[in-house]
Amino acid sequence: MPDQPGAAIVLVGEPRFRRKWTQRNGERRRRRVRLSPTMARVLTLAVAILLFAALYAFAPRPEPAPDRAAATEALTRALVLFGRGNVSGALTAAQEATNADRNWGLAHAFAARLHLAQGDGDAAEAAIVRARRTGFAPERTQHLLADAWLLQGDPARAIAKARQAPPRYAAYATRVRARAAAAQGEAGAAQALLAPLLDHDDAAAWADLGTIRRDTGDIGGAIDATARAGAINPAIPGLLVLKGTLVRSQYGLVAALPWFEAADRHDPADLDALVEEAATLGDLGRAQDMLAVTRRAIATDPADPRAYYLQAVLAARAGRFDLARVLLQKTGGTLRGMPAVMLLGGMLDYHDGAYEQAIGQWRALAGTQSYNLTARRLLGAALLRAGDAKGALDVLRPVALRADADRYTLTLVARAFEAIGERDWAGLYLDRAAAPERGAATPFGTEDSLAMLAAAAEDAPGDPQAAVDYVRGLIETVQPAAALVRARQLAQAASGAPAAHLLVGDVLAAANHQQDAAAAYARAADLRFDAPTALRLVTALDRAGRRDAAAHTLGLYLAQNPESRDAQRLMARWQLAAGDWDDAIATLERLRARTGDTDAMLLAELGSAHLGRGDMAEATRLTAAAHRLAPLDPAITDAYGWALFKTGRRAAARQLLRQAVATAPDHPGLRAHLAQATAVR
C-alpha cells in the first residue's frame, strides 16, 4: 500500500495486540510492543497449535481399513430397496457400501446402475470408472457405460458400446440399443430390437416399449405396454411416473395425480415424480401445493433445472415477472430448447419491452411447431409492436384465415393492415373481430403446396406427421373424399394414435358430417382427453343435436381440468343459454378472478347473467364497462343496450341496439332484441 502522511493501518483484534505505525520527520518508525513473559508463552503455544493444525489438515491420511462386512450389509440393503422401487434409498445404501470398502468394485458398479435408473449418465460413468480402477472386470460394465453415454445424449456411441457387452448382459444391452435407436428417430427399429425380449416377458423391455410408443404418439400402444410391464413387475423404476403421464393424457389431471403421489411414496427423492406431480398441481390451480413440491425437488437436487422452471411459471402467473426471470436464469440455459421454456422466456422479454428477444424465441418456436396457434399469435403481436407489420401479417395469416379465428388475432391483423395503409382490409378484419359469433373450428392448414405435401408423404412413408400434413392439404384444397380415404387409412394403420382419429374427425366435420365426426373424436378422446380433443368432441356433439351428451363431455373434462379457460367459457355460454344464471355467474367470476377486468366479452356475459337474475344495477354497470372496452363489438353493444332497455332507459337502448344490428345485420339474436325494443313505446 502506498505511503500517505499521517496514515495508519490497524489490524482487527484486541487493542493491546494491534501493530501501530507512526510517521515522524519523513521516517517510518515502529513502536515496540512489550509483552509479559506469561503472554509470550501463551502466544508461542497458540502459534504452535496453529502450525500443528495446518500440518494435520494438509498431511496425507491413510485410507480407512476396508470393512467388507459393513459394505456387504449396506449393499444387501441397497438391493432390497432397489427391488422395491426405491432407487434413491438404494443409492444411499450403495454409497454407504462404497464408503465402507472403497476397493469393492461390485459396490461401485451397482451404484452406477442406480445412477442410471435416476437418469444421471455423468454420475454413472464416474462410478463405472471407480469400479474399474478397483479391478472390476471392464466387460462387466460395457452395457452400463453404453447406457451412461445414451443418457449423456450420444446414441451412436451408446449403440457401439452396447454391441461390446458380453452375452450375460445381452438383454440390458439390447434395451440400450433400442432406446438409442428411438432417440435417433428410428422407432420401428427400436420396437423390432425389443421384440425378442417382449416374447420372454421382460418387464423392463415392456416399460421401454411403453415410453417409445408414448413419445411417438401411439398412446393406445403405450397404455397396453405399460400395463403389461406393471403386471410382470410393478416395481420397475420409473413405471409409476410413466403410468401417471399416460393417465394424465387419457383421463386428465385429477386422475393422474394419485400415480405421481404413489411414486413419491415409493421413492421420496424421485425427481421425475416430484416434477410431474408439481406440474400437475400447477395446472390444477393448486399453487401452494405446487410450490411445496418444487421446493422438495430443489432440496433433493439443487442442480436439476426443472423445478426452477416450474417456479418461474408460477411466478409469471402471479404477475411477478422479475422473480420469474431470476428463477428461469437458475435453469442455466439447460432447458433452452424446450417449447414451454421458449414460450415463457419470450413472454418475459415481451413484458420487459425486449421485443427483438421475444421475436427470436417465438419465431424459433413457431418454426418447430407450425401448428402452435399461441406461438403464432404472440409472434405476430411482438412483430407488430416492433414495427414489422408485414412480418406480423405473414405470421398471422394462417390463423386469421380460419373461420374460427379469435378476436385477438383478427384485431392484430386489422392493426397490421392499418400500419401499412390498407384501411379497407383493416376494416374487413375489424368487422370480423366484432362479429358476435365465430365460425366452425377447422384443422390448422399448411402453407406448402399439395404437390409438395404429397411428395413429402411419399418420401417418408413411416412418418405420421408427413401423412397428417398431406391430409390437411387435401382438406384445405377442398378434396374431402380423398382426404377422408387417406385419413381413415392412417387411423387404421395407427389405431393407437389419437392424432389419426382426430384427423378423421376433422375431415368429417369439414364436410358437416357432425355425427360421424363426433364418433371419430370420441375414439381419439378414449386415448387422449386433452383440450383440443375434448372441445372438438363437444362441438361435434352439440352440432349433431346431442346437447346433453355434449354437456356431459364438457363436464367430464372440467372435472379433470378445472382451470381450462376455454372449457369454462364454453360452459358459461351454455349456462347463459339455459338460463342457469347463478351457475353462469359462478363460472364467469372464476374466470374473472384470473383475467381481471380487461376481457370485454367476459364482462358483458357476466352482466347478462346478472340481468337474467334480476340484478339490474350490476348488469348495467358490467355491460357499460364492457362497452367502454369494446364500443364497436355488436354483441357487447347489444348486451349493454338490452340492459338499458330492461332498466327503462329505452331511447338510449334503442340507439345501441340499432348500432349492434347495423354492425351484424344477419344475427337473429340481435334483431330479436331490437324488434322487442322498438315494439314497446
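The values are calculated or read from the model by the stated rules, or taken from the named source; none is laboratory data. Please read these numbers as outputs of a predicted model, since none were measured by experiment. Cβ placement follows ideal geometry from the backbone for every residue including glycine, while neighbour counts extend to all protein chains displayed. Ligands, DNA and RNA are excluded from the accessible area calculation, which covers all protein heavy atoms including side chains. Shrake-Rupley method; radii C 1.70, N 1.55, O 1.52, S 1.80 Å.
Of the residues making up segment 192-236, those that are among the acidic types (Asp, Glu), open to solvent by 50 Å² or more (accessible area, probe 1.4 Å) and farther than 21 Å from residue 251 by Cα number 2. When residue 610 is tested against (1) in contact with an Asp or Glu (Cβ under 6 Å, 6 or more places away or on another chain); (2) over 20 Å from residue 568 (Cβ atoms), just one condition goes unmet, and that condition is (2). All conditions in (1) over 28 Å from the mean Cα position of the chain (by Cα); (2) over 18 Å from residue 602 (Cβ atoms); (3) assigned to a helix (DSSP H, G or I) hold for residue 433, with the sole exception of (2). Within segment 243-270, being within 14 Å of residue 534 (Cβ to Cβ) and either in a loop (DSSP other than H, G, I, E, B) or free of Cβ contacts under 8 Å to residues at least 24 places away in the same chain (or both) holds for 251, 252.
Conditions tested, residue by residue: (1) surrounded by fewer than 18 Cβ atoms within 10 Å (Cβ to Cβ); (2) among the acidic types (Asp, Glu).
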| site | (1), (2) |
| --- | --- |
| 485 | yes, no |
| 492 | yes, no |
| 495 | yes, no |
| 501 | no, no |
| 505 | no, no |
| 512 | yes, no |
| 515 | yes, no |
| 527 | no, no |
| 542 | no, yes |
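Screening residue 329 on (1) within 20 Å of residue 351 (Cα to Cα); (2) open to solvent by 60 Å² or more (accessible area, probe 1.4 Å); (3) at pLDDT 95 or above shows it passes everything except condition (3).
Restricting segment 598-623 to residues that are crowded, with 23+ Cβ neighbours inside 10 Å and among the hydroxyl-bearing types (Ser, Thr, Tyr), the residue that is nearest to residue 580 (Cα to Cα) is 608.
Of note, residue 279 does not satisfy the criterion of being part of a helix (DSSP H, G or I), within 27 Å of residue 114 (Cβ to Cβ) and open to solvent by 50 Å² or more (accessible area, probe 1.4 Å).
Applying the criterion of at least 1 residues that are closer than 26 Å to residue 200 by Cα and in contact with a helix residue (DSSP H, G or I) (Cβ under 7 Å, 6 or more places away or on another chain) to the helices (runs of 4 or more DSSP H) found wholly in segment 84-180 leaves 87-100, 105-117, 142-151, 155-162. The condition of being open to solvent by less than 30 Å² (accessible area, probe 1.4 Å), hydrophobic (A, V, I, L, M, F, W, C), part of a helix (DSSP H, G or I) and farther than 19 Å from residue 581 by Cα holds for only one of 660, 651, 626, 672, that being 660.
Filtering segment 88-120 to residues that are touching a residue at least 60 places away in the same chain (Cβ under 8 Å) and among the hydroxyl-bearing types (Ser, Thr, Tyr) leaves only 88. For segment 94-115, filtering for residues that are closer than 8 Å to residue 74 by Cβ, under 39 Å from the mean Cα position of the chain (by Cα) and either hydroxyl-bearing (Ser, Thr, Tyr) or surrounded by fewer than 24 Cβ atoms within 10 Å (Cβ to Cβ) (or both) leaves 1. Cβ-Cβ distances below 9 Å connect the following pairs, each with a first residue in segment 579-602 that is over 14 Å from residue 558 (Cα atoms) and touching a residue at least 12 places away in the same chain (Cβ under 8 Å), a second residue that is of a type in the set (Val, Ile, Thr) and crowded, with 20+ Cβ neighbours inside 10 Å, and a separation of six or more residues or different chains: 600/636; 601/636.
Rundown of residues vs (1) in a helix (DSSP H, G or I); (2) buried (at least 19 other Cβ atoms within 10 Å of the Cβ), yes/no style:
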{"site": "291", "(1), (2)": "yes, no"}
{"site": "294", "(1), (2)": "yes, yes"}
{"site": "297", "(1), (2)": "yes, yes"}
{"site": "335", "(1), (2)": "no, no"}
{"site": "350", "(1), (2)": "yes, yes"}
{"site": "358", "(1), (2)": "yes, yes"}
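Yes/no per residue for (1) within 27 Å of the chain's Cα centre (by Cα); (2) of a type in the set (S, T, N, Q); (3) within 19 Å of residue 181 (Cβ to Cβ):
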{"site": "199", "(1), (2), (3)": "no, no, yes"}
{"site": "206", "(1), (2), (3)": "yes, no, yes"}
{"site": "214", "(1), (2), (3)": "yes, no, yes"}
{"site": "222", "(1), (2), (3)": "yes, no, yes"}
{"site": "230", "(1), (2), (3)": "yes, no, no"}
{"site": "243", "(1), (2), (3)": "yes, no, no"}
{"site": "249", "(1), (2), (3)": "yes, yes, no"}
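Among residues belonging to segment 572-590 that are more than 11 Å from residue 608 (Cα to Cα) and surrounded by fewer than 18 Cβ atoms within 10 Å (Cβ to Cβ), point out the one that is nearest to the chain's Cα centre (by Cα). The qualifying residue nearest to the chain's Cα centre (by Cα) is 590. On the basis of being open to solvent by less than 50 Å² (accessible area, probe 1.4 Å), outside any loop (DSSP other than H, G, I, E, B) and of a type in the set (Lys, Arg), does residue 569 make the cut? The answer is yes for residue 569.
Within segment 302-326, restricting attention to residues that are out of contact with any helix residue (DSSP H, G or I) (no Cβ under 7 Å at 6 or more places or on another chain) and assigned to a helix (DSSP H, G or I), the residue that is surrounded by the fewest Cβ atoms within 10 Å (Cβ to Cβ) is 322.
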